[in-house]
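Coordinate-derived values only; no laboratory data. Just so it is clear, the structure is predicted and the values come from calculations on it, not from any experiment. All Cβ positions, even for glycine, are placed from backbone atoms using ideal geometry, and neighbour counts span all protein chains on display.
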Amino acid sequence: MTTQLSYTKVEKKILPKFRKEMNLAESTEDVKKFFSYAMQDLLSQVFTEKYKPSFDDVRLQIDQSQPFFLNDTVRQLEDYALIWNNSDLSVIMSRFAKIAAHRYNHLEKKPEKTESKIRM
């Protein structure tokens with residue numbers, strides 16, 4: 001029997017800031033950027049001192065079967081398979097991606113709001 005790891009404490013720590021950033025996002029690019037920053041924070045806390053995530057390690061993928069893309073840098077980490085297969089990390093990342101995708105789609109449908117904010 002394998003041990004099931006949980007990272008919900010980390011999720012709850014990151015989630016309020018992430019939601020605030022999603023509410024402040026003015027463009028679809030902001031949504032992608034804030035998602036990547038949140039995932040950097042999540043992965044750095046999950047893999048602790050073994051790995052320093054970069055901006056491109058996790059990207060939001062809209063309208064894909066997998067809502068986010070993990071770079072090979074993350075997938076090749078020593079503990080990656082163990083953590084990915086025996087924890088709730090994938091579920092947590094999917095929840096963050098779902099929130100980001102919702103905001104992304106909202107902003108994409110209302111480009112006039114984004115354009116008016118940019119021109120000001």
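Among ASP72, ASP57, ASP79, the order by Cβ neighbours within 10 angstrom, fewest to most, reads ASP72, ASP79, ASP57.
Expressed as an acute angle from 0 to 90° and rounded to the nearest 10, what is the orientation of the C-alpha long axis of helix 8-24 relative to the principal long axis of the chain? Approximately 10 degrees, to the nearest ten. Given the range 8-111, what whole percent of its Cα pairs are spread farther than 17 Å? Of all Cα-Cα distances in the range 8-111, 50 percent exceed 17 Å. Here the residues PHE35, PHE55, ranked from fewest to most Cβ neighbours within 10 Å of their Cβ, fall in the order PHE55, PHE35.
Each of PHE47, PHE96, PHE69 was scored by other Cβ atoms within 10 Å of its Cβ. Arranged with the fewest first, they read PHE69, PHE47, PHE96. Note on the chain: with a GNM built from Cα contacts shorter than 10 Å, the maximum mean-square fluctuation among SER36, SER90, SER65 falls on SER65.
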